[in-house]
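See structure below.
The values are calculated or read from the model by the stated rules, or taken from the named source; none is laboratory data. All figures in this text were calculated on a predicted structure; none of them were measured in a lab. Glycine gets a Cβ as well: all are built from the backbone with ideal geometry, and neighbour counts include every protein chain shown. The protein model used for the area step is the full one, side chains on, heavy atoms only, and it has no ligands, DNA or RNA in it. Shrake-Rupley method; radii C 1.70, N 1.55, O 1.52, S 1.80 Å.
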Amino acid sequence: MMAEPDAKSSDQNNGDMLNGEENCNSDDIVDPWNVVSTSATGIDYDKLIRRFGCCKVDENLIKEFERVTKKPAHHLLRRGIFFSHRDMYEILKRYEEKKPFFLYTGRGPSSTALHLGHLIPFLFTKWLQDTFDVPLIIQLTDDEKFLFRDLTVEEAKKLAEENAKDIIALGFDVEKTFIFSDFNYMGQSPEFYQNVVRIQRSVTFNQVKGIFGFGDSDSIGKIAFPAVQAAPSFSTSFPSIFGDKSNIPCLIPCAIDQDPYFRMTRDVAPKLGFPKPALLHSQFFPALQGAQTKMNASDPNSSVFLTDTPSQVKNKINKYAFSGGGATIEEHKERGGNCDIDIAYQYLRFFLEDDEKLEKIRKDYSSGELLTGHLKKELITILQGVVSEHQKQRKLIDEATLLKFMTSRKLNI
Ligand code: TYM
């Protein structure tokens with residue numbers, strides 16, 4: 001039996017407020033380009049759920065996840081880091097009934113290397129692929145970065161290839177994964193382009209202004225782009241994988257900043273006779289300087305990159321990671337540290353999988369027994385491990401492997 005969602009916290013609105021957001025009292029800015037909070041503890045995610053009209057990932061959903069998949073929930077799910085969803089119960093029901101669906105996620109290639117924040121949706125997507133054993137589509141929006149950043153077409157295409165290697169190094173199954181660059185795939189697949197223009201005809205300029213805040217002096221390329229990110233949500237964009245089946249829904253894991261694209265997509269889908277995409281949204285991996293903003297590739301000092309050396313990782317954490325500890329050792333021992341604003345502790349929530357160890361660190365830091373230096377040392381060791389393991393795996397990705405992932409083909413499903 002499917003567990004019913006908790007009416008209070010979950011599904012009163014699998015909401016799709018196209019023109020944006022319920023009016024609610026929050027100064028937080030969250031859109032695909034800006035994430036800013038005025039609070040040291042960062043974005044108020046409960047308010048964001050109400051504003052965006054999505055549903056909370058609660059105990060009930062996590063239990064249902066575990067019941068249906070017959071395995072423990074991923075730590076990013078059970079810690080509430082993937083905190084919000086749209087239609088996740090529907091996807092779990094399909095899985096249980098052995099009906100097909102696919103995973104879709106993406107990356108806008110704006111920097112040579114991914115940072116630790118980008119890893120979050122991709123690590124979770126890898127777990128979802130392993131768990132559900134379904135096809136995965138990864139879109140690299142080199143066209144988006146050409147339109148929104150100061151990059152040439154050639155530079156954006158090159159960054160897409162470099163980023164694809166970073167993504168492949170996380171261990172995705174080549175038999176079940178298709179990674180594409182928009183610049184390449186648009187020319188190869190009439191079906192993809194046809195879906196893009198179908199979407200473009202269904203959304204007005206007023207609507208994209210409402211959702212994305214575009215103004216009169218934004219280029220028409222920017223205004224038309226959201227349709228390109230929407231189109232992979234529809235299975236007919238990938239005839240090599242799904243044939244002409246138009247009724248296969250997808251599940252999109254991403255951080256909540258990408259939700260505006262998919263609010264638009266969910267509004268358009270029924271008009272075109274396609275199923276709405278389901279979503280699982282993550283919170284932001286915060287900037288080193290504090291949770292007021294997200295780790296962001298365009299500010300190198302806010303980020304730990306997957307290309308950083310062990311000593312760069314160490315120096316960045318020691319120098320920049322905002323501390324919730326006391327100003328002096330005496331003060332810290334007396335009053336304890338504040339984990340809610342401490343960036344080293346917050347990073348451990350994302351990367352330290354052992355629940356008991358994390359809880360001990362939280363208690364000891366909050367009581368003042370554990371000092372900031374020791375907390376940071378713990379984090380540095382873990383992150384150095386994550387980054388160097390990734391570098392080792394990335395070195396193994398040759399051009400032939402890259403080509404295989406990026407070739408439109410039938411997947412082994
Ligand atoms: P991009 O390249 O900005 O980000 C790639 C993915 O990483 C997430 N993300 C983060 N997650 C946690 N903490 C952070 N600090 C952080 N920064 C970025 C993003 O939400 C995203 O999931 N337009 C998109 C590319 C795209 C896409 C998609 C993303 C195309 N199709 C479908 C998700 C799903 C972009 O520029 O992502």
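Quickly run through region 108-141 and pick out the residues that are open to solvent by less than 10 Å² (accessible area, probe 1.4 Å), near the ligand (Cβ under 10 Å from one of its atoms) and not hydroxyl-bearing (Ser, Thr, Tyr).
Answer for region 108-141, where residues must be open to solvent by less than 10 Å² (accessible area, probe 1.4 Å), near the ligand (Cβ under 10 Å from one of its atoms) and not hydroxyl-bearing (Ser, Thr, Tyr): PRO109, LEU114, HIS115, LEU116, LEU119, ILE120, PHE122, PHE124, ILE137, ILE138, GLN139, LEU140.
Looking at (1) out of contact with any strand residue (DSSP E or B) (no Cβ under 6 Å at 6 or more places or on another chain); (2) open to solvent by 10 Å² or more (accessible area, probe 1.4 Å); (3) not small (Gly, Ala, Ser), which is the only condition THR293 fails?
Among (1) out of contact with any strand residue (DSSP E or B) (no Cβ under 6 Å at 6 or more places or on another chain); (2) open to solvent by 10 Å² or more (accessible area, probe 1.4 Å); (3) not small (Gly, Ala, Ser), THR293 violates only (1).
Could you give every pair whose Cβ atoms fall below 8 Å, whose first residue belongs to region 245-266 and is at pLDDT below 95, and whose second residue is open to solvent by less than 10 Å² (accessible area, probe 1.4 Å) and more than 8 Å from the ligand (Cβ to nearest atom), counting only separations of at least 6 or pairs across chains?
none
Within region 193-204, which residues are open to solvent by 60 Å² or more (accessible area, probe 1.4 Å) and outside any loop (DSSP other than H, G, I, E, B)?
TYR193, GLN194, ARG198, GLN200, ARG201
Looking at (1) open to solvent by less than 30 Å² (accessible area, probe 1.4 Å); (2) modelled with pLDDT under 95; (3) within 16 Å of the ligand (Cβ to nearest atom), can you tell me which one GLY326 breaks?
Of the numbered conditions (1) open to solvent by less than 30 Å² (accessible area, probe 1.4 Å); (2) modelled with pLDDT under 95; (3) within 16 Å of the ligand (Cβ to nearest atom), the odd one out for GLY326 is (3).
Where in region 37-118 are the helices (runs of 4 or more DSSP H), entirely inside, with at least 3 residues that are more than 16 Å from the chain's Cα centre (by Cα), under 15 Å from THR131 (Cβ atoms) and hydrophobic (A, V, I, L, M, F, W, C)?
In region 37-118, the matching helices (runs of 4 or more DSSP H) lie at 59-69.
Is it the case that region 63-70 has a residue that's closer than 29 Å to TYR345 by Cα and within 16 Å of the ligand (Cβ to nearest atom)?
no
If PHE350 satisfies all but one of (1) without any contact (Cβ under 8 Å) to a residue 12 or more places away in the chain; (2) in contact with a Phe, Trp or Tyr (Cβ under 7 Å, 6 or more places away or on another chain), what's the number of the condition it fails?
If we test PHE350 against (1) without any contact (Cβ under 8 Å) to a residue 12 or more places away in the chain; (2) in contact with a Phe, Trp or Tyr (Cβ under 7 Å, 6 or more places away or on another chain), just (1) comes out false.
Being among the hydrophobic types (A, V, I, L, M, F, W, C), touching a Pro at 6+ places or on another chain (Cβ under 7 Å) and assigned to a helix (DSSP H, G or I) is the filter here; which residues of region 260-299 pass it?
If the condition is that a residue be among the hydrophobic types (A, V, I, L, M, F, W, C), touching a Pro at 6+ places or on another chain (Cβ under 7 Å) and assigned to a helix (DSSP H, G or I), then PHE262, MET264, ALA269 are the ones that fit.
Do you know which residues across region 382-413 are under 14 Å from PHE172 (Cα atoms) and among the basic types (Lys, Arg)?
Result: ARG394, LYS404.
So if I check each of GLN188, GLN229, GLN207, which one is surrounded by fewer than 21 Cβ atoms within 10 Å (Cβ to Cβ), within 29 Å of ALA400 (Cα to Cα) and either of a type in the set (A, V, I, L, M, F, W, C) or in contact (Cβ under 8 Å) with a residue 40 or more places away in the chain (or both)?
None of the others qualify; the one that does is GLN188.
Within region 232-269, restricting attention to residues that are small (Gly, Ala, Ser) and more than 10 Å from the ligand (Cβ to nearest atom), which residue is surrounded by the fewest Cβ atoms within 10 Å (Cβ to Cβ)?
Going through the qualifying residues, I end up with GLY243.
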